[in-house]
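Throughout, read-outs are computed from the coordinates displayed, never taken from laboratory work. Because the structure is a prediction, the values reported are computed rather than measured. As a convention, Cβ positions derive from the backbone with ideal geometry for all residues, glycine included, and neighbour counts pool all protein chains shown.
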Amino acid sequence: MSVWAIGDLQGCYDATRRLLDRIRFDPAADTLWFCGDLVNRGGQSLETLRLVHSLRERSIVVLGNHDLSLLAVGERAPAERRKVNPDLQRVVFADDSAELLGWLRMQKLVHVDRALGWMMVHAGLAPQWTTQDAEQHAAEVERQLRGDGYRSLLRNMYGDRPNWSPGLRGHDRWRATINWLTRARYCTPRGRIAIEEKGPPGTQAAGLYPWYEAPGRVERDLKIVCGHWSTLGLTLTQGVYAIDTGAVWGGKLTALQLDSEDLRVVQVPGRDVAALPPHLRKE
């Protein structure tokens with residue numbers, strides 16, 4: 001039995017199948033941890049979502065920013081849904097869209113396995129959050145997503161403010177939590193996220209730090225595997241294992257074996273960007 005964490009799929013179905021073949025995934029024995037952003041930009045989001053849904057008994061998913069955006073799109077009127085890119089349109093207008101999106105809405109924002117010693121999140125944690133804090137804050141949002149108020153949450157989750165504060169309530173609190181768990185890369189030591197900064201370390205403005213290097217951050221009792229930050233590349237440092245390696249941009253799709261002492265890394269080529277028409281190579 002093996003436990004594998006897999007980086008951002010972003011609708012790269014062919015690469016996902018290649019990776020599952022490469023790690024010799026056995027659905028009778030193995031478990032997959034998907035780090036979020038199952039969909040968008042890869043051109044095969046419907047096929048990818050169907051694949052992960054079919055593996056739901058043997059997999060764990062945390063939601064990424066693109067997954068949450070898909071859920072929001074799915075709640076719009078048909079005319080508004082037709083304004084999104086063709087990759088997402090194929091999902092929201094599919095015959096099985098209600099089943100797929102209903103399942104996606106039930107997924108987590110944070111997953112913890114203390115026996116294994118790992119936490120999975122799509123993006124990052126605020127400097128002042130312990131792993132227990134992150135679980136608690138994620139659970140608050142998950143209850144909203146899974147409950148009757150999910151449409152209100154999806155309408156109000158967009159925006160870069162407010163910064164996280166323990167005193168926040170309601171939509172402000174949930175938005176700040178979502179931003180940390182699904183959008184964060186850089187931050188200040190006091191925990192202000194710099195959403196606009198997306199480059200590799202060394203390119204950010206003065207006073208900003210990768211979230212896992214913020215001065216004064218609390219010590220954490222679990223290793224953290226995450227995705228979201230493709231320009232960071234494969235990064236294994238300070239108890240953080242970042243495995244979004246830009247499959248959708250022509251990089252690689254990465255799997256990390258979590259239950260092996262040597263933390264085995266397996267990679268396959270991502271989307272063949274060179275084969276795409278020029279107007280589809282970047283979005």
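Placing unit charges on C-beta atoms (Lys and Arg positive, Asp and Glu negative, everything else neutral), compute the dipole magnitude of segment 1-61 about its Cα centre in debye, rounded to 20. Walk me through the numbers before you get to the answer.
Values: 8 positive and 8 negative charges, 13 e Å.
That gives segment 1-61 a dipole magnitude of about 60 debye.
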Fewest Cβ neighbours within 10 Å first, please rank 235, 182 accordingly.
235, 182
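Going highest first, how would you order 154-167, 257-270 by mean Cβ packing within 10 Å?
Details: 154-167: 14.1, 257-270: 15.6.
Highest to lowest by the protection proxy: 257-270, 154-167.
Figure the gain on full extension for residue 150 and residue 169 (residue separation times 0.36 nm, minus the Cα-Cα span) and round it to one decimal in nm. Before the final figure, lay out each step's value.
Numbers: separation 19, 0.36 × 19 = 6.84 nm, distance 1.61 nm.
Contour length minus the Cα-Cα distance gives 5.2 nm.
Can I get the semi-axes of segment 1-104's equivalent ellipsoid? Compute them from the C-alpha gyration tensor as square roots of 5 times the eigenvalues, in angstrom, largest first. Mind showing how you got there, number by number?
Values: eigenvalues 130, 32, 25 Å².
Here the semi-axes work out to 25, 13, 11 Å.
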Final fewest-first order of 198, 108, 223 on the 10 Å Cβ neighbour count is 198, 223, 108
Relative contact order (%) - the chain, alpha-carbon pairs under 8 angstrom, separation at least six
22
Considering the chain, what Rg and Dmax in Å follow from its alpha-carbon atoms?
17.8, 51
Peptides ranked, highest mean first, by Cβ atoms within 10 Å: ranges 89-101, 12-24
12-24, 89-101
Mind sorting 195, 243 by how few other Cβ atoms lie within 10 Å of their own Cβ, fewest first?
195, 243
How are the alpha carbon pair distances in segment 181-283 distributed across 5 Å bins from zero to the largest one, expressed in percent?
2, 11, 19, 20, 18, 14, 9, 4, 1, 0
Scattering curve values for segment 147-195, log₁₀ I(q)/I(0), Debye with Cα scatterers, q = 0.19, 0.24 Å⁻¹
-0.58, -0.87
Restricting the count to DSSP beta bridges whose residues both fall in the chain, what percent are antiparallel, rounded to a multiple of 5?
55
Rounded to the nearest 20 debye, dipole of the chain from Cβ charges on Lys, Arg, Asp, Glu:
700
